[in-house]
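Notes follow the structure.
The values are calculated or read from the model by the stated rules, or taken from the named source; none is laboratory data. It should be emphasised that the depicted structure is a prediction, and the values quoted were computed from it without experimental measurement. Cβ sites come from the backbone with ideal geometry, for glycine too, and all protein chains shown count toward neighbours.
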Amino acid sequence: MNIIITNSSGLPIFEQIENSIKEAIFSNELKEGEMLPSVRCLANDLKISFLTVKRAYDELEKAGFIKTVQGKGSYVAPKNLDLIKEEKLKEIQGYIEKIYEVSKISNISKEEVIELFKMIFEEEI
Amino acid sequence: MNNIEVKDLSKKYVGFSLDKISFNVPSGMVVGLIGENGAGKTTTIKSILNIINSEGTVKIFGKDIKTREKEIKKDLGVVLDDSFLSAYLTPKHINLVMKDFYQTWDENKYNDLLKQFGLPTDKLVKDFSSGMKMKLKIATAISHNPKLLILDEPTSGLDPVVRSEILDIFRKYIEEDESRSILLSTHITTDLEHISDYIVFIDKGKMVLNVPTLELLEDYGVVKCSEEEFSKINEKDYVSYKKGKYQYEVLINDKNVFKKKYGITSIDKPSIDDIMLFYIKGER
């Protein structure tokens, strides 16, 4: 699994870790039931503080991607398709928000954007 | 569990006083003490160690340092600025001295550490470089397997390569036993971004901040704006500001709230140094 942390992304470090692990789960690189590295190990390997990794794991657990058993460690939770879809929809929403921003600043109408959108989708077919 | 609990630590000197410093060092955690030269970092550390007699309470492993100093110090590894190692000893001599001193002295561990750090066993300490001296001090401080490591400026004056090696030693020290902790003071705050879980910031003898490093790095932000924009910001929403000729720089401590409230999206990520400067030099 790759975990790449950059300062240029503007995302908090814990979120970058979170995203890397999610990606590994989506791509099936991390399989259901597979153990994740311990918080301490990952923190030491990435040379970041313990609490930063802990935060990433907490968020992943809250979102249902991993499960943590006290004293044993964290493992990948059974795959939940709805969860994955929701995650992807959220990502798409982010892009659309950007489109909305750009169109608003440059005074491009909703109709024009939708037209463009249709064009791209139809091209695919 | 907390390995150190400091409460209302105060000390008065002529022209300087330490004023009610309180913080904890939880087990498994690294706590970084930061501040300007003369801010009170060393006074705080020496008070915790009962080298200086101060007001307030210090508990280490849940025991009061003033009444149970001897038993506490058995489980303590300490590195202070003024070296306790004689310049006319070699690492080999130090082993002999420490063996008599600590019942729990682990000779094998010490020798392993010397090897790992690339330290010669037969060279006099006075001929060591400052990086080597620091590594030797740390090796000496952790070879009796202490539960807690307290270090005053362990990385100051050292080059980036040695500093990163030293941070690795610290990581390994905690990894070996997660009930351990480290308290270190430093003014090289970039080191802390990579290792410390909490930051305690002392300025002119007063504690200004005691927060998770994560919060400092992720929630704080610097907004650069015009005077007009600045005038619209509620003073509750920023920590301090610096007024320049062409722009205002404003330190905020909750980026997300600020974005929502003021619609300002371009917020710079400050370093710990930047944050320190805003607290010390900024206006309110």
From B:Asp81, B:Asp64, which residue is within 22 Å of B:Glu153 (Cβ to Cβ), acidic (Asp, Glu) and in the same structural domain as B:Ile150 (by TED's automatic domain parsing)? B:Asp81
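Table: residues versus (1) aromatic (Phe, Trp, Tyr); (2) in contact with a Leu (Cβ under 8 Å, 6 or more places away or on another chain); (3) assigned to a loop (DSSP other than H, G, I, E, B); (4) crowded, with 17+ Cβ neighbours inside 10 Å.
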position: A:Glu18; (1), (2), (3), (4): no, yes, no, yes
position: A:Glu23; (1), (2), (3), (4): no, no, no, no
position: A:Gly33; (1), (2), (3), (4): no, no, yes, no
position: A:Asn44; (1), (2), (3), (4): no, no, no, yes
position: A:Ile48; (1), (2), (3), (4): no, no, yes, yes
position: A:Leu51; (1), (2), (3), (4): no, yes, no, yes
position: A:Arg55; (1), (2), (3), (4): no, yes, no, yes
position: A:Gly64; (1), (2), (3), (4): no, yes, yes, no
position: A:Thr68; (1), (2), (3), (4): no, no, no, no
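Among the strands (runs of 3 or more DSSP E) lying completely within region B:200-284, list those that include at least 2 residues that are more than 26 Å from the chain's Cα centre (by Cα) and either at pLDDT below 90 or of a type outside the set (S, T, N, Q) (or both).
Once the strands (runs of 3 or more DSSP E) in region B:200-284 are filtered for at least 2 residues that are more than 26 Å from the chain's Cα centre (by Cα) and either at pLDDT below 90 or of a type outside the set (S, T, N, Q) (or both), what remains is B:221-225, B:240-243, B:248-252.
Yes/no matrix, rows are residues, columns are (1) aliphatic (A, V, I, L, M); (2) within 14 Å of another protein chain (Cβ to nearest Cβ); (3) more than 16 Å from A:Ala43 (Cα to Cα); (4) surrounded by fewer than 18 Cβ atoms within 10 Å (Cβ to Cβ):
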site	(1), (2), (3), (4)
B:Ser143	no, no, yes, no
B:Lys147	no, no, yes, yes
B:Glu153	no, no, yes, no
B:Asp159	no, no, yes, yes
B:Arg163	no, yes, yes, no
B:Asp168	no, yes, no, yes
B:Tyr173	no, yes, no, no
B:Glu178	no, yes, no, yes
B:Leu183	yes, no, yes, no
Tell me, which helices (runs of 4 or more DSSP H) lie completely within region B:1-115 with 3 or more residues that are over 20 Å from B:Ser143 (Cβ atoms) and more than 14 Å from chain A (Cβ to nearest Cβ)? B:41-48
Can you report the number of residues in region A:18-45 which are within 14 Å of chain B (Cβ to nearest Cβ) and over 20 Å from A:Gly71 (Cα atoms)? 2
Would region B:247-258 turn up any residue that is within 14 Å of chain A (Cβ to nearest Cβ) and of a type in the set (Lys, Arg)? yes
Number of the exception - B:His187 against (1) more than 11 Å from every other protein chain (Cβ to nearest Cβ); (2) at pLDDT 90 or above: (2)
